[in-house]
1. Kindly evaluate A144 against the criterion of being surrounded by fewer than 23 Cβ atoms within 10 Å (Cβ to Cβ), of a type in the set (A, V, I, L, M) and either in contact with a helix residue (DSSP H, G or I) (Cβ under 6 Å, 6 or more places away or on another chain) or within 30 Å of T299 (Cβ to Cβ) (or both).
2. Go through the stretch 182-206 and count every residue that is of a type outside the set (F, W, Y), out of contact with any Lys or Arg (no Cβ under 6 Å at 6 or more places or on another chain) and modelled with pLDDT of 85 or more.
3. Filter the stretch 45-79 for residues that are assigned to a loop (DSSP other than H, G, I, E, B) and not hydrophobic (A, V, I, L, M, F, W, C); which is farthest from V193 (Cα to Cα)?
4. Looking for something modelled with pLDDT of 85 or more and either of a type in the set (G, A, S) or out of contact with any strand residue (DSSP E or B) (no Cβ under 9 Å at 6 or more places or on another chain) (or both) - is there at least one such residue anywhere in the stretch 63-79?
5. Can you spot a residue in the stretch 149-168 that is surrounded by 18 or more Cβ atoms within 10 Å (Cβ to Cβ), assigned to a helix (DSSP H, G or I) and among the hydroxyl-bearing types (S, T, Y)?
6. Determine whether A117 is at pLDDT below 90, among the small types (G, A, S) and over 26 Å from G87 (Cα atoms).
7. Has the stretch 22-37 got at least one residue that is surrounded by fewer than 17 Cβ atoms within 10 Å (Cβ to Cβ), in contact with a strand residue (DSSP E or B) (Cβ under 9 Å, 6 or more places away or on another chain) and modelled with pLDDT under 55?
8. Looking for whichever is outside any helix (DSSP H, G or I) and either among the small types (G, A, S) or in contact with a helix residue (DSSP H, G or I) (Cβ under 7 Å, 6 or more places away or on another chain) (or both) here; the options are F272, F264. Which one fits?
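The values are calculated or read from the model by the stated rules, or taken from the named source; none is laboratory data. The shown structure was predicted, so the numbers you read here are calculated from the model rather than taken from an experiment. Using ideal geometry, Cβ is built from the backbone for each residue, glycine included, and neighbour counts are taken over all protein chains shown.
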Amino acid sequence: MTAADESDLTTATAPAAASKERPGALWRHRVYRRYLGAEAVSLSGSAVSGLALPALAVVELHASSGQVALLAFLGQLPNFVIALPSGALADRYAKRPMMIAGDLVSAAVLASIPLVALLGTLTVVQLYAVAVLLGTAKVVHDAAAVSYLPAVVEPALLQGANSRLSAVFSLADSAGSSAGAALVAALGAARSVTADAVSYLASAWLVAGIRAAEPAPVQSGRRLRAEIWEGLVYVARHRVIRPVIAAIAVASFAQGIVSTYWIFYLLTGLHFSATALGVMLGCANAGSLAGALLAPRMTRRLGPGPLMIITLLGLPLTQTPLLIAGPGRLWQIVLGAALAVQLFCTAACGTTQRTVRQMICAPRLQGRMQQASTTLTAGSRPFGALVAGGLAELAGVRPVLVLGTVLLLAPVAVMCLSPLRTLHALPASPQPAVPQARNGLTRP
């Protein structure tokens, strides 16, 4: 790390100047509205294809359970394989063109499905290729999009921007899943994928209209591998970013263990109906939305460090009722409420930790820092599923749920043993001020 990067380590506990968001400022921020719209449209379409692709494999191509599992695995694989290189590219080149390129590639890949289906030559192998290419394009887009946000809004608005982004994601994911089920039923799985292709085109159009200044990419002349290594070393040595990412990665691994079988356990072990499960998921979406929206207010009251610790502690506490639950309406209500609180905690913690990392990280390392997090968090979930599968074969499903719940205590310990326990205000940001004339913000 350079001396400039080392200076980030001393700013972690310094309160940010003007850290309080001005009322209504983000809704008057034209550039942020366009950014938010692009991400929301893209996610809504992705939720459609998330249902349509496995439905297409099962219903029209008669794929086996193993082939469906492989399709899901290939879709997640780029999070582990491509995230680090895409982060380095996001730091090396302008981010907006990368976002547009990712959207256009995704649209083209998805558009191939109804075309080939119309010709009658669609195969499961093509779906595998679509899953890999789509996952790769999404990782590239997300690497640029997340690291671009600090250039879209000024530091004082960053947590509010992340809060609204998480809330819109929650709504878009829920609405997209419902729309996907309706489209698959009405049009068939292959034609319903067209809606996702159109959503990516709309996202590319919205991003193309963004005019926000961003720090000029640094062309170091070094190999990509060296730049990736520089980012990993920066994260590993940073006394605030390191424990944040470590805690979230362990939590993601533990949740990967639990989520592998929790629906299976509800349906087969506790004999919940599909209707009851649907109501529970609806409660969960409401909790996620509330957690995202209330995160800035709770951060101001509790401080970002204590808030992250408290919300992470909420994960094993809300998972515990599942271990003692039995059949019946009362337990359905209890587990629905616990799931809502759990996702409230997940959204509040996720919004806050992302803001802290963005505000502390040196601008030239934003992409690599973010994708190191993606590699360790999203990349750990498939391995959690593998552990869950092996343990379930040996000991059954309930020990899997117990193990995942116990492991959810580890992230709390990681944060309590780090400087985060004394982080009572959002940190000072190394980000330069965003020029107001470029970002479209109307001052109150």
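1. Spelling it out, it is not the case that A144 is surrounded by fewer than 23 Cβ atoms within 10 Å (Cβ to Cβ), of a type in the set (A, V, I, L, M) and either in contact with a helix residue (DSSP H, G or I) (Cβ under 6 Å, 6 or more places away or on another chain) or within 30 Å of T299 (Cβ to Cβ) (or both).
2. Residues flagged as of a type outside the set (F, W, Y), out of contact with any Lys or Arg (no Cβ under 6 Å at 6 or more places or on another chain) and modelled with pLDDT of 85 or more within the stretch 182-206 amount to 7.
3. Taking the candidates together, the pick is S64.
4. yes
5. Checking the stretch 149-168: at least one residue is surrounded by 18 or more Cβ atoms within 10 Å (Cβ to Cβ), assigned to a helix (DSSP H, G or I) and among the hydroxyl-bearing types (S, T, Y).
6. yes
7. No, because not a single residue in the stretch 22-37 is surrounded by fewer than 17 Cβ atoms within 10 Å (Cβ to Cβ), in contact with a strand residue (DSSP E or B) (Cβ under 9 Å, 6 or more places away or on another chain) and modelled with pLDDT under 55.
8. F272
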